[in-house]
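This report concerns only the one structure given below.
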Amino acid sequence: VGVKLLGWWRKPKSLAYEAAGSGRRLQAWWPSTESLNAQLFHSGDVLRARSRDMARKSPYAANAIEAIVANAVGSGIKPQSKITDAGLRQRVQELWLAWTDEADADDRTDFYGQQALLCRAMVEGGECLVRFRPRRPEDGLAVPLQLQLLEAEHLDTQANRPLPNGNVIKGGIELNRLGQREAYHLFREHPGESGSSRETVRVPASEILHVFKPLRPGQL
């Protein structure tokens, strides 16, 4: 009887952390244990679409984005040359100013306008891609290089496969055996564009700037 009584009153083994329990308040809380990449590849498109929808329809969201862009970029982040040779510094500055007017591959704004557009795209869509577009000398540009801004949707996040050379594609990003970025697999056209072919092109990582705020180690 004593053993039975002892067993009857024995308390259940306590957990080291209450948040790991399964009591009444926690029984419906079963968070995912997937990596952040897996979660984003699965839900990223929906999250981004809802974020863009809020930016279109909610003045609070639109004003928040405007405030972040204004504080982060303002009228543009302008570099200043530290070359000691005054003549060379002047020539470099003049060349830089000429390039900023021609930097946009879409010919819609200047380099500083691109900064604001990139910041807005990152805040609203989570990330933004910048592609270096080398130009021919006969194009007549001050510097034979332009920048093309691409929305996050251009990245083929559904591309996940190993490659014969040992590389692997994860969420449209090609990684080598060391986990370094080798290339990006991008849609030639925005996949949401009417009549889009959804054809992809492999672009070397050296030609792409992938702008986003990493929140966890290993985030792609």
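The values are calculated or read from the model by the stated rules, or taken from the named source; none is laboratory data. Quantities reported herein were computed from a predicted structural model and do not represent experimental measurements. Here Cβ is always computed from backbone atoms with ideal geometry, including for glycine, and neighbour counts include all displayed protein chains. Note: accessible area is taken over every heavy atom of the protein model, side chains too, but ligands, DNA and RNA are not part of it. Shrake-Rupley method; radii C 1.70, N 1.55, O 1.52, S 1.80 Å.
Summing +1 for each Lys or Arg and -1 for each Asp or Glu among the other residues whose beta-carbon sits under 14 angstrom from that of Asn160 gives -1. Using the Cβ-Cβ distance between Arg108 and Ala205 with R0 = 22 Å, the FRET efficiency computed as 1/(1 + (r/R0)^6) comes to roughly 0.30.
Relative contact order, whole percent, for region 114-220 stands at 24, derived from Cα pairs under 8 Å and 6 or more residues apart. Over the Cα atoms of the chain, the radius of gyration divided by the Kirkwood radius equals 1.17; this is the Rg/Rh ratio. Exposed loop sites here mean GluC sites (Glu not before Pro) with a DSSP loop assignment and at most 13 other beta-carbon atoms within 10 Å; the chain contains its longest site-free run at 35-192. Seen from Ala121, the other residues with C-beta closer than 9 Å to its C-beta sum to a net charge of -2, counting Lys and Arg as +1 and Asp and Glu as -1.
Can you give me the C-alpha center-to-center distance between region 44-73 and region 112-191, rounded to a whole angstrom? Taking the Cα centre of each part, region 44-73 and region 112-191 sit 22 Å apart.
Across the chain, C-alpha contacts under 8 Å between residues 6 or more apart give a mean separation that, scaled by the residue count, equals a relative contact order of 15 percent. For the chain, leaving out every one of the chymotrypsin sites (Phe, Trp or Tyr not before Pro) that falls in a DSSP loop and has at most 12 other Cβ atoms within 10 Å, the longest unbroken run is 30-220.
Ordered from longest to shortest, the equivalent ellipsoid semi-axes for region 102-202 are 26, 17, 14 Å, each the square root of 5 times a Cα gyration tensor eigenvalue.
Within the shell of other residues whose beta carbon sits under 11 angstrom from the beta carbon of Glu102, the net charge comes to -4, with Lys and Arg scored +1 and Asp and Glu -1.
Derived scalar couplings between HN and Hα for region 73-79 equal 10, x, 8, x, 8, 9, x Hz in order, rounded to whole Hz, by the Karplus curve 6.51 cos²θ - 1.76 cosθ + 1.60 (θ = phi - 60°), x for Gly and Pro.
Using the Cβ-Cβ distance between Ala49 and Arg136 with R0 = 35 Å, the FRET efficiency computed as 1/(1 + (r/R0)^6) comes to roughly 0.40.
Proximity of backbone amide H atoms, modeled 1.01 Å from N, is registered between Glu174 and Glu182, Ala183, Tyr184, His185 at under 5 Å, excluding neighbours fewer than 5 places apart on the same chain.
Estimated purely from DSSP H runs of n ≥ 4, each contributing -39500 (n - 2.57), the mean residue ellipticity at 222 nm for the chain is -11500 deg cm²/dmol once divided by its residues. Within the accessible surface of region 78-220, defined with a 1.4 Å probe on protein heavy atoms only, the carbon and sulfur portion equals 52 percent.
Probing with 1.4 Å while keeping every protein chain in the model, the per residue accessible area of the chain equals 70 Å². Using C-alpha pairs under 8 Å with a sequence gap of at least 6, the mean separation divided by the residue count of region 61-175 gives a relative contact order of 20 percent.
In this structure the amide hydrogen of Gln146, modeled in the peptide plane, comes within under 5 Å of the amide hydrogens of Arg133, Arg135, none closer than 5 places in sequence on its chain.
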